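Have a look at the structure below before the remarks.
The values are calculated or read from the model by the stated rules, or taken from the named source; none is laboratory data. Everything numeric in this text was worked out from a predicted model, so none of it was measured. Cβ placement follows ideal geometry from the backbone for every residue including glycine, while neighbour counts extend to all protein chains displayed. Heavy atoms of the whole protein, side chains included, go into the accessibility calculation; ligands, DNA and RNA do not. Shrake-Rupley method; radii C 1.70, N 1.55, O 1.52, S 1.80 Å.
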Amino acid sequence: MARDNELYDVTIVGGGPTGLFAAFYSGMRQLKTKVIEAGRHLGGKVAQFYPEKYIYDIGGIPRISGQDLVWQMKEQADLHSPEMVYNQYVTSIEKQADGNFKLTADSGETHLSRTVILATGFGIYEPVRLPVENASKHEGGQLHYTLLNKEKLSRKTVMIVSKNRVGIDWALALEDQAEKVILVNESDTFQHMGSDDEVRLEKSSVDVKLFHEVRELIDQDGSLQQARLMNRESGDEELLAIDEVLVYQGIEFKAAPFKQWELAVEKSKITVDPGMAASVEGIFAAGDAVHYPRKSMLIASGYTEASTAVNSAALYLNPKASAQVYSTVEYKYKE
Ligand SMILES: Cc1cc2nc3c(=O)[nH]c(=O)nc-3n(C[C@H](O)[C@H](O)[C@H](O)COP(=O)(O)OP(=O)(O)OC[C@H]3O[C@@H](n4cnc5c(N)ncnc54)[C@H](O)[C@@H]3O)c2cc1C
């Protein structure tokens, strides 16, 4: 458990692929490391946008699902037990008179660190919440805004609420493992539907309810049991027995406040030098958050930039430190 005002060597803002690899690498360099993530989940855009899809362009891994990649990255980062802080959106970063940084989250909590690595991507993407009274109570329990933790939905009756193609993708991805999938759409079409999506949906066992909206989530002893739906054409209502709810109603974007943090910015991203140092001494950055000529927005680029940022932070903290870990051949970690 993090204690307020405990000083860390490296604080990484953002727990996406770049931040997680930075956390692993920072631990390997024996730096006292903390990760602060705005959301409930790690994995950044991979977890949020394509956990069920396969990724093919990571060296040495011919094919891996987004979800598995996030789990493996978390496992790798955990080898050095970094402090992981969730649900804290960092709003301010101040360099204090002693040279240490004070980071403040929207919750009011503060964090002290000798260096900072920004791995925030472009900012945060917040799912548009289901506008039903007690939805927030079940969020993270039986109500989800991402398909991360797909296994949790095995052999369950899953209600997906979406009028977007994402809802179709999720329904088809769950069809085989769930007991039953019900896809509820308040409209009569799905936005951004692919040419064969309608056919795939028709051939599937997914129960599609067009022109229906969720009016109420009904629980018993804290456990979600039923959803009350209303047919928007007829006004008729029905009760559905459900175990889990998945919602995709779009995403709201909030850009990272780089200028507020007094960092030099180009194309709305942090300007970095070849050592991934930002314009404020002691702040480094990596991944989708940064800009330099020919920058590519790839997970693999974020990994390289993360290790460079950590090596630069290590040298900043101790100019006599080695420039990098030259080989992990003799590296020992707990099994
Ligand atoms: C649909 C799609 C498919 C893609 N496919 C591929 C692919 O096949 N291969 C590939 O290499 N790349 C792919 N990419 C790109 C890849 O996902 C990104 O390059 C990668 O996610 C960047 O990682 P990151 O950690 O730098 O940023 P992000 O993944 O954006 O993670 C940033 C994290 O920082 C957190 N955060 C932001 N601001 C704050 C704050 N102020 N306080 C606390 N936390 C904060 C966010 O919540 C988020 O978790 C794809 C992207 C998309 C959208």
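Key figures
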item	result
Solvent-accessible area, 1.4 Å probe, carbon plus sulfur percent, for region 129-249	40 percent
Amide hydrogen neighbours beyond the local backbone of Lys180, cut-off 5 Å, H modeled	Lys156, Thr157, Val158
Value of [θ]222 nm, deg cm²/dmol, for the chain, DSSP H segments ≥ 4, -39500 (n - 2.57) each, nearest 500	-6500 deg cm²/dmol
Mean Cβ count within 10 Å, highest first, over the residues of peptides 257-265, 93-101	257-265, 93-101
Karplus-derived 3J(HN,Hα), 6.51/-1.76/1.60, for each residue of region 263-273, Hz, glycine and proline x	9, 5, 10, 9, 6, 6, 10, 6, 7, 10, 8
Calculated log₁₀ intensity ratio I(q)/I(0) where the Debye formula runs over C-alpha points of region 129-249, q = 0.18, 0.22 Å⁻¹	-0.90, -1.37
Accessible surface, per residue, of region 129-249 when the full set of protein chains is kept, probe 1.4 Å, Å²	51 Å²
Sequence-distant residues sharing a close amide H with His144 (under 5 Å, placed H)	Val245, Leu246, Val247
Rounded to whole Hz, the Karplus (6.51, -1.76, 1.60) HN-Hα couplings of region 220-228, x for glycine and proline	9, 6, x, 9, 5, 10, 9, 10, 9
Accessible area expressed per residue, region 38-126, with surrounding protein chains retained (probe 1.4 Å, Å²)	46 Å²
Residue-wise HN-Hα coupling along region 174-181, computed from phi with Karplus coefficients 6.51, -1.76, 1.60 (Hz; x: Gly, Pro)	9, 3, 6, 9, 7, 5, 7, 10
Rounded Å value of the spacing that divides the Cα centres of region 156-176 and region 271-297	38 Å
Paramagnetic reach from Thr328 in region 37-59 [backbone N under 17 Å; point 7 Å along Cα→Cβ]	58-59
Computed FRET value (nearest 0.05) for Ile218 with Arg40, which takes r as the C-beta separation and R₀ as 22 Å	0.40
Gain on full stretching of the segment that runs from Lys203 to Arg228 - 0.36 nm per residue minus C-alpha separation	6.4 nm
Tyr56 accessible area, assembled protein chains, probe 1.4 Å, Å²	140 Å²
When the chain is reduced to its Cα atoms, the Kirkwood hydrodynamic radius in Å	21.6 Å
Lys, Arg +1 and Asp, Glu -1 on Cβ, resulting dipole of region 129-249 about Cα centre, debye, nearest 20	300 debye
Extension gain from Glu266 to Phe211, taking 0.36 nm per residue of separation minus the Cα-Cα distance	15.3 nm
Residues whose placed amide H lies under 5 Å from that of Ile12, excluding near-sequence neighbours	Lys34, Val35, Ile36, Ile117
